[in-house]
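Note sheet for the following structure.
The numbers here are math on the coordinates, done by the rules we state, and not lab data. Because the structure is a prediction, the values reported are computed rather than measured. A quick note on method: Cβ atoms are made from the backbone with ideal geometry, for glycine too, and the neighbour counts reach across all protein chains shown.
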C-alpha cells in the first residue's frame, strides 16, 4: 500500500508516461538514494534543462532575408533541427515554418555566423502577438538600451524602420 502511494506521488510530481522505460525509473531512484534528492528536486532539474534556451548570434541578422527566414534557416542548417521542432520552439504553424524555409532557400543567401558580443535567446520569438522583427527590436531596445541607429546598424536596416517597428511593438503592449 505504501509503495503504491509513493509511486502515485512520484508520478504526480514528474509525469511519467507509459512509454518511459524502466531504466529511467531506476535512474530516478538512484538519484534519490545516492544524492538524497526528492522527486521534486529531480523535477526542478528537468524543468531547468527544458528552459535552457538556444542563443542566436546577432551577426546572423545582418543580411537580406526576413527575420523569421533567418531564424528558421539558422535553426535548420546550423542547429540541425527538424521543422516540427522549430515550429514548437517558435510557437508557429508547421506549414508556415516549412514555407518560410523554402522561401529563404529560393533567395540563395548564406547566413554569416560569426562570434557576436550579443546573443538573442530564441524564446523571445515565441509570442505570436509580435512579429519576429518586432520581438528582436523590442529585445535589443529594452535589454541592452541600444539606440535606434545602433540596432539599425546591427540588423542592416534603416533607423526609421527600427523606430517604426519599436513604436508599433510598444502600442501592442
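What ranking of 138, 62, 107 emerges when the number of other C-beta atoms within 10 Å of each C-beta is taken as an exposure proxy, fewest first? All intermediate terms of the calculation are to be shown ahead of the outcome.
Details: 138 20, 62 16, 107 12.
The order, fewest Cβ neighbours first, is 107, 62, 138.
Could you line up 85, 141, 102 from fewest to most neighbouring Cβ atoms inside 10 Å? Walk me through the numbers on the way to the answer.
Values: 85 14, 141 20, 102 11.
In increasing order of surrounding Cβ atoms, one gets 102, 85, 141.
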Efficiency by 1/(1 + (r/R0)^6): what FRET value for residue 41 and residue 129, r their Cβ-Cβ distance, R0 = 30 Å, to the nearest 0.05?
0.30
In range of the label at residue 77: residues from region 91-114 whose backbone nitrogen is under 13 Å from the point 7 Å along Cα→Cβ
101-114
If r is the Cβ-Cβ distance from residue 55 to residue 30 and R0 is 35 Å, what FRET efficiency results, to the nearest 0.05?
0.65
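With 10 angstrom as the radius, rank 161, 100 by how many other C-beta atoms surround their C-beta, starting from the fewest.
On the way: 161 15, 100 26.
The order, fewest Cβ neighbours first, is 161, 100.
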Rounded to 0.05, the calculated FRET efficiency for the beta carbons of residue 107 and residue 173 at R₀ = 45 Å is 0.90
